[in-house]
1. Convex hull volume of the Cα atoms in the chain, per residue, in Å³?
2. Taking every DSSP beta bridge that has both residues in the chain, what percent is antiparallel when rounded to the nearest 5?
3. Under 5 Å between amide H atoms, partner at least 5 residues away or on a different chain: which partners does Val56 have, H built in plane at 1.01 Å?
4. How high is the relative contact order of the chain? Use alpha-carbon pairs under 8 Å, at least six apart in sequence, and give a whole percent.
5. What is region 85-168's relative contact order, in percent, from Cα pairs under 8 angstrom and six or more apart in sequence?
6. Where does helix 132-141 land angle-wise versus the long Cα axis of the chain, in degrees 0 to 90, nearest 10?
7. Mind checking the angle between helix 155-164 and the chain's longest principal axis? C-alpha axes, 0 to 90 degrees, to the nearest 10.
8. Net charge near Pro131, counting Lys/Arg +1 and Asp/Glu -1 over other residues with Cβ under 13 Å of its Cβ?
Amino acid sequence: MRFDRRVTTEPQGFAAPAAPDGANAQRELTVFLDRDGVLVRDRPDYVKNWSEVEIVPGSLEALGRLRSAGARVLVATNQSAVGRGIVRREAVDDMHARLADMALRHGARIDGFLVCPHTPDDGCACRKPKPGLLLQAQADRGVDLSTAFMVGDQVSDALAAEAAGCTAILLADRPPATTTPWRVVPSLADAVDLILDASRSPS
Ligand SMILES: [Mg+2]
Ligand SMILES: [Zn+2]
């Protein structure tokens, strides 16, 4: 579990833009994003290299709105394909460097990538639904987990968020058959709407 610090050409420091609407806008806002199924189209045989990266339509635009709001965006992703020997860690890092570049070119920004390379059998503390990746962001970057959001397309993402004390938003095309304690929306754009609404309203 580590941050890849090479992925952005911009300073790592988090600089919020001028507050558009008073004190609330100065509140720290961190959004954790799952990668596959949220930013990049998921594949049953794993996303193994850049040629297999297909950006989910609208996701970079949604991230651009988070950037405009001064939010810090951290991708938190399980990549058991590394531990299974299917994908080299270097290939994962390469994909992330290119994703970060692509985000910048689209007016968005990804501030870091948190990767769990382990398999379920490894029993690590970072594979979602465990909260280790998010806790690492708290330790390394001072992320306030209590005000942070996590957007993912799996229940394991929401459980990791919950275990870390973050607000979970689950992406699903249809509402789940059973009620969940999490907000469920169809797209990252909808999730960003929720996040920006929530971070604007006084608490
Ligand atoms: Mg996913
Ligand atoms: Zn792990």
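A short reminder: the numbers here are calculations on the coordinates, not readings from a lab. Remember, predicted model here, so these are calculated numbers, not experimental data. Don't worry about glycine lacking a Cβ; one is built from the backbone with ideal geometry, like all the others, and counts go over all protein chains shown.
1. Numbers: hull volume 24.0 nm³, N = 203.
It comes to 118 Å³ per residue, whole-number rounded.
2. So the antiparallel bridges amount to about 10 percent of the total.
3. Val40, Arg41
4. Contact order relative to length: 25 percent.
5. 20
6. 50
7. 60
8. Working: positive: Arg127, Lys128, Lys130; negative: Asp157, Glu162.
Computed value for this residue: +1.
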